[in-house]
Amino acid sequence: MEEEWFFQQQGNKVTPKELKDCPDCGKPRISFGWCLECESNAMKENFLYWTSGNKEIDELIRYTQLTATQTCDYLEWISFEKFEMVKYI
C-alpha cells in the first residue's frame, strides 16, 4: 500500500510535498490537517469563554494559539473543575 503523504526536510520544518486544501476555506494547509487561518479563527472565537485568572498567562496561551503551525504547537487552559480524580498530596 502506498502512503499518501511523503515528507521532505526543509530547514527546521518537515513539510508535506503535497499539501491538501482546507475543506472549510479552500486555502492550503500548512501542516498535516492544520489550516492556520481556520484554526486561529476558531481559537480566537473561544478567547472570551476562558481565563486562567492571570492576564499574563492568558496572553501567553493566546499567543501560542495564534502562532501555532500544527496540532501540538499550542497551549490550552483547562479549568480545575474539568480534572477528574484529583488527589491531594
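The values are calculated or read from the model by the stated rules, or taken from the named source; none is laboratory data. Remember, it's a predicted structure, so these values are computed and weren't measured experimentally. Because the Cβ atoms are built from the backbone with ideal geometry, glycine has one as well, and the counts that use them run over all protein chains shown.
Taking the range 37-59, which residues are aliphatic (A, V, I, L, M), surrounded by 13 or more Cβ atoms within 10 Å (Cβ to Cβ) and over 21 Å from Cys22 (Cβ atoms)? Can you show your working first?
Step one: list which residues in the range 37-59 are aliphatic (A, V, I, L, M), which gives 42-43, 48, 57.
Now drop any that are not surrounded by 13 or more Cβ atoms within 10 Å (Cβ to Cβ), which leaves 43, 57.
Correct list: Ile57 only.
How many of the residues making up the range 59-78 are more than 14 Å from the chain's Cα centre (by Cα) and either touching a residue at least 24 places away in the same chain (Cβ under 8 Å) or part of a loop (DSSP other than H, G, I, E, B) (or both)?
1
Might you check whether a residue that is part of a loop (DSSP other than H, G, I, E, B) and modelled with pLDDT under 85 occurs anywhere in the range 32-42? Before the answer, list the steps.
First, the residues of the range 32-42 that are part of a loop (DSSP other than H, G, I, E, B): 32-33, 35.
Checking the rest, the ones that are also modelled with pLDDT under 85 come to 32-33.
Among the residues of the range 32-42, at least one is part of a loop (DSSP other than H, G, I, E, B) and modelled with pLDDT under 85, which makes the answer yes.
Checking Asp24 against (1) surrounded by fewer than 11 Cβ atoms within 10 Å (Cβ to Cβ); (2) outside any helix (DSSP H, G or I); (3) modelled with pLDDT of 85 or more, only one condition comes out false. Which one?
Going through the list (1) surrounded by fewer than 11 Cβ atoms within 10 Å (Cβ to Cβ); (2) outside any helix (DSSP H, G or I); (3) modelled with pLDDT of 85 or more, Asp24 breaks only (1).
Which one is modelled with the lowest pLDDT among residues in the range 60-78 that are surrounded by 11 or more Cβ atoms within 10 Å (Cβ to Cβ) and aliphatic (A, V, I, L, M)? Talk me through it step by step, then tell me what you get.
Looking only at the range 60-78, we keep the residues that are surrounded by 11 or more Cβ atoms within 10 Å (Cβ to Cβ), and these are 60-71, 73-75, 77.
Pick out the ones that are also aliphatic (A, V, I, L, M) and you get 60-61, 66, 68, 75.
On the way: Leu60: 97, Ile61: 96, Leu66: 91, Ala68: 88, Leu75: 94.
Only one residue tops the list, namely Ala68.
Out of Glu81, Glu56, I need the residue that is at pLDDT below 90 and not in a strand (DSSP E or B). Which one?
On the way: Glu56 fails: at pLDDT below 90.
That would be Glu81, the only listed residue that is at pLDDT below 90 and not in a strand (DSSP E or B).
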